[in-house]
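A.B. asks: For reference, the structure I am asking about is given below.
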Amino acid sequence: MCYRTRFAPSPTGLLHVGNAYSALRCQAWAEKYHAELLLRIEDIDHTRCRSEFADAIIEDLRWLGLSWLPQVRFQSRHLQDYQQAIHTLREMGVIYPCFCTRRQIQQEIMRMSSAPHAGEVTTLYPGMCRNLSENEQHDRMQHEPFAWRLNIDKAMVLAGEDISWRDGSGCLHTANIDHDIIIGRKDIDFSYHLAVVVDDALQNISHIIRGQDLKDSTGIHRLLQKLLGLPEPVYLHHRLLCDQGGERLAKRNTATTLRNLRQMGVDVFRLRDFLSDMETRCWPFREGDEREILNMLGKTR
Ligand code: GLU
């Protein structure tokens, strides 16, 4: 069987060099193992994603030299797949509707932490909607907005064993999920966690190469895969690109976007060479240091 991986950006802004690094890691891995590379646009969050960014991402990835199998999957066009997963979890009794507002949750947390003998202050969901009767759930669902939460205790029992996963180097990690996470938001019907595991399975992804910022999410993904009976991919988490101050590169820093580098006349082959050698280095470019980047990457080969 052919290995398969994917690059799965969210179109909430333009791609920056950190995203380019991640995309190139996926591509390098795919080339090394003769694997197929897919592109998925993770755009279920209609409050933050924009189609202009999706178009720009595809254009910038082409400029970067990434190639992927035809047929980009846009999550927003496959909502019924995620709805089906919600339905399955609901049938299993591991998710429940949560009607709480942020304010109510905060008030409850404050109340609990000021009670005599209160333990450590927590920011986790205190579980007010966890044990509502079916009738109450049903009645309130008719006229109140709600999120779907995973009942973590039930989920762990149903999953049947400790949830763990091995990374590419064979190291074993145990999931550490300590509260009822949201699986479908009030404003967006599905969470990233749910959509990503459904898509990875539907697209037969065997290996997931992504940044370390998502490492903590992997335990949640393994749990959902177990509950939904989905196969387990291999997870490889790469380091994140930081600037010289040790700060992670972010989309809000416009100077590091591929669009900006391209418009400045940066040579894409030099950029690729530079990023392929980033294991131990940091990005030397700070907002406004245009001369530095042009000196390094701006000359043609
Ligand atoms: N869409 C996610 C992001 O842009 C990546 C998801 C993943 O690779 O699992 O951060």
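The values are calculated or read from the model by the stated rules, or taken from the named source; none is laboratory data. Computed from a prediction, not measured in an experiment: that's the story for all the values here. Every residue, glycine as well, gets a Cβ built from its backbone with ideal geometry; the counts of neighbours run over all protein chains shown.
A.B. asks: Would you call residue 44 within 12 Å of the ligand (Cβ to nearest atom), of a type outside the set (S, T, N, Q), outside any helix (DSSP H, G or I) and modelled with pLDDT of 95 or more?
C.D. replies: Working: within 12 Å of the ligand (Cβ to nearest atom): yes; of a type outside the set (S, T, N, Q): yes; outside any helix (DSSP H, G or I): yes; modelled with pLDDT of 95 or more: yes.
So residue 44 fits the description; yes.
A.B. asks: Okay, next question. List every residue pair whose Cβ atoms sit under 6 Å apart, with the two residues 6 or more apart in sequence or on different chains, where the first one lies in region 1-23 and is closer than 14 Å to residue 68 by Cα and the second, anywhere, is near the ligand (Cβ under 10 Å from one of its atoms) and part of a loop (DSSP other than H, G, I, E, B).
C.D. replies: 4/205; 6/205; 8/42
A.B. asks: Let me ask something additional. Can you tell me which residue in region 70-99 is surrounded by the most Cβ atoms within 10 Å (Cβ to Cβ), limited to those that are polar (S, T, N, Q) and within 17 Å of residue 42 (Cα to Cα)? Steps first, answer last, please.
C.D. replies: First pass over region 70-99, keeping only residues polar (S, T, N, Q): 71, 75-76, 80, 83-84, 88.
Now restrict to residues that are within 17 Å of residue 42 (Cα to Cα): 71, 75-76, 80, 83.
On the way: 71: 8, 75: 23, 76: 16, 80: 7, 83: 15.
Top of the filtered list is 75.
A.B. asks: Here is a follow-up. If the Cβ limit is 7 Å and pairs must be 6+ apart or interchain, which residue in region 148-174 that is among the β-branched types (Val, Ile, Thr) pairs with which residue that is surrounded by 12 or more Cβ atoms within 10 Å (Cβ to Cβ) and in a helix (DSSP H, G or I)?
C.D. replies: 163/219; 163/222; 163/223; 163/226
A.B. asks: So which of 41, 57 ends up being touching a strand residue (DSSP E or B) at 6+ places or on another chain (Cβ under 6 Å) and within 25 Å of residue 256 (Cβ to Cβ)?
C.D. replies: Details: 57 fails: touching a strand residue (DSSP E or B) at 6+ places or on another chain (Cβ under 6 Å).
So the residue among 41, 57 that is touching a strand residue (DSSP E or B) at 6+ places or on another chain (Cβ under 6 Å) and within 25 Å of residue 256 (Cβ to Cβ) is 41.
Table: residues versus (1) loosely packed, with under 13 Cβ neighbours inside 10 Å; (2) in contact with a strand residue (DSSP E or B) (Cβ under 6 Å, 6 or more places away or on another chain); (3) of a type in the set (Gly, Ala, Ser); (4) within 24 Å of residue 81 (Cβ to Cβ).
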{"position": "101", "(1), (2), (3), (4)": "yes, no, no, no"}
{"position": "111", "(1), (2), (3), (4)": "yes, no, no, no"}
{"position": "132", "(1), (2), (3), (4)": "no, no, no, no"}
{"position": "138", "(1), (2), (3), (4)": "yes, no, no, no"}
{"position": "147", "(1), (2), (3), (4)": "no, yes, yes, yes"}
{"position": "161", "(1), (2), (3), (4)": "yes, no, no, no"}
{"position": "176", "(1), (2), (3), (4)": "yes, no, no, no"}
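A.B. asks: Does any residue of region 72-79 turn out to be in contact with a helix residue (DSSP H, G or I) (Cβ under 9 Å, 6 or more places away or on another chain), of a type in the set (D, E, K, R), in a loop (DSSP other than H, G, I, E, B) and closer than 23 Å to residue 235 by Cβ?
C.D. replies: No, region 72-79 contains no residue that is in contact with a helix residue (DSSP H, G or I) (Cβ under 9 Å, 6 or more places away or on another chain), of a type in the set (D, E, K, R), in a loop (DSSP other than H, G, I, E, B) and closer than 23 Å to residue 235 by Cβ.
A.B. asks: Report yes if residue 182 is more than 16 Å from the ligand (Cβ to nearest atom) and touching a Ser or Thr at 6+ places or on another chain (Cβ under 8 Å), otherwise no. First the steps, then the outcome.
C.D. replies: Values: more than 16 Å from the ligand (Cβ to nearest atom): yes; touching a Ser or Thr at 6+ places or on another chain (Cβ under 8 Å): yes.
Yes.
A.B. asks: For region 176-192, name all the residues that are in contact with a Leu (Cβ under 6 Å, 6 or more places away or on another chain) and either farther than 20 Å from residue 129 by Cα or assigned to a strand (DSSP E or B) (or both).
C.D. replies: Matches in region 176-192: 183 only.
A.B. asks: If only one of 6, 77, 62, 50 is within 15 Å of the ligand (Cβ to nearest atom) and either at pLDDT below 95 or out of contact with any Lys or Arg (no Cβ under 9 Å at 6 or more places or on another chain) (or both), which one is it? Before you say what the answer is, go through the steps one by one.
C.D. replies: Details: 6 fails: either at pLDDT below 95 or out of contact with any Lys or Arg (no Cβ under 9 Å at 6 or more places or on another chain) (or both); 77 fails: within 15 Å of the ligand (Cβ to nearest atom); 62 fails: within 15 Å of the ligand (Cβ to nearest atom).
Criteria check complete, one pass: 50.
A.B. asks: A further question follows. Taking region 203-234 as the search range and keeping residues that are touching a Phe, Trp or Tyr at 6+ places or on another chain (Cβ under 6 Å) and of a type in the set (Ser, Thr, Tyr), which one is surrounded by the most Cβ atoms within 10 Å (Cβ to Cβ)?
C.D. replies: The residue in question is 218.
A.B. asks: Inside region 203-230, can you point out the residues that are within 14 Å of the ligand (Cβ to nearest atom), assigned to a helix (DSSP H, G or I) and of a type outside the set (Val, Ile, Thr)?
C.D. replies: Listed by number, the residues that qualify are 212, 213, 214, 215, 216, 217, 219, 221, 222, 224, 225.
A.B. asks: Among the residues in region 106-116, are any more than 30 Å from residue 273 (Cβ to Cβ) and in contact with a Gly (Cβ under 7 Å, 6 or more places away or on another chain)?
C.D. replies: Our first condition is that a residue be more than 30 Å from residue 273 (Cβ to Cβ); within region 106-116, this holds for 106-116.
Now drop any that are not in contact with a Gly (Cβ under 7 Å, 6 or more places away or on another chain), which leaves none.
Checked region 106-116: no residue is more than 30 Å from residue 273 (Cβ to Cβ) and in contact with a Gly (Cβ under 7 Å, 6 or more places away or on another chain).
A.B. asks: Quick check on this structure: which one of 243, 200, 187 is surrounded by 22 or more Cβ atoms within 10 Å (Cβ to Cβ) and either of a type outside the set (S, T, N, Q) or more than 30 Å from residue 96 (Cβ to Cβ) (or both)? Let's see the steps before the verdict.
C.D. replies: Details: 243 fails: surrounded by 22 or more Cβ atoms within 10 Å (Cβ to Cβ); 187 fails: surrounded by 22 or more Cβ atoms within 10 Å (Cβ to Cβ).
From the options 243, 200, 187, the qualifying one is 200.
A.B. asks: Among the residues of region 10-27 satisfying the criterion of being in a helix (DSSP H, G or I) and in contact with a helix residue (DSSP H, G or I) (Cβ under 7 Å, 6 or more places away or on another chain), which is nearest to the ligand (Cβ to nearest atom)? Walk me through it before giving the result.
C.D. replies: Here is the first cut: in region 10-27, the residues in a helix (DSSP H, G or I) are 17-27.
Checking which are in contact with a helix residue (DSSP H, G or I) (Cβ under 7 Å, 6 or more places away or on another chain) leaves us with 17, 20-21, 23-24.
Numbers: 17: 14, 20: 13, 21: 13, 23: 11, 24: 14 Å.
Result: 23.
A.B. asks: Moving on to the next point. Scan region 186-196 and tell me whether some residue there is touching a strand residue (DSSP E or B) at 6+ places or on another chain (Cβ under 6 Å), within 16 Å of residue 8 (Cβ to Cβ), within 16 Å of the ligand (Cβ to nearest atom) and without any contact (Cβ under 8 Å) to a residue 60 or more places away in the chain.
C.D. replies: Start the filter on region 186-196 by keeping residues that are touching a strand residue (DSSP E or B) at 6+ places or on another chain (Cβ under 6 Å), which leaves 186, 190-191, 194.
Filter once more, so that each one left must be within 16 Å of residue 8 (Cβ to Cβ): 190-191, 194.
Filter again for within 16 Å of the ligand (Cβ to nearest atom), leaving 190-191, 194.
Adding the requirement that they be without any contact (Cβ under 8 Å) to a residue 60 or more places away in the chain leaves 191.
Yes, region 186-196 has at least one match.
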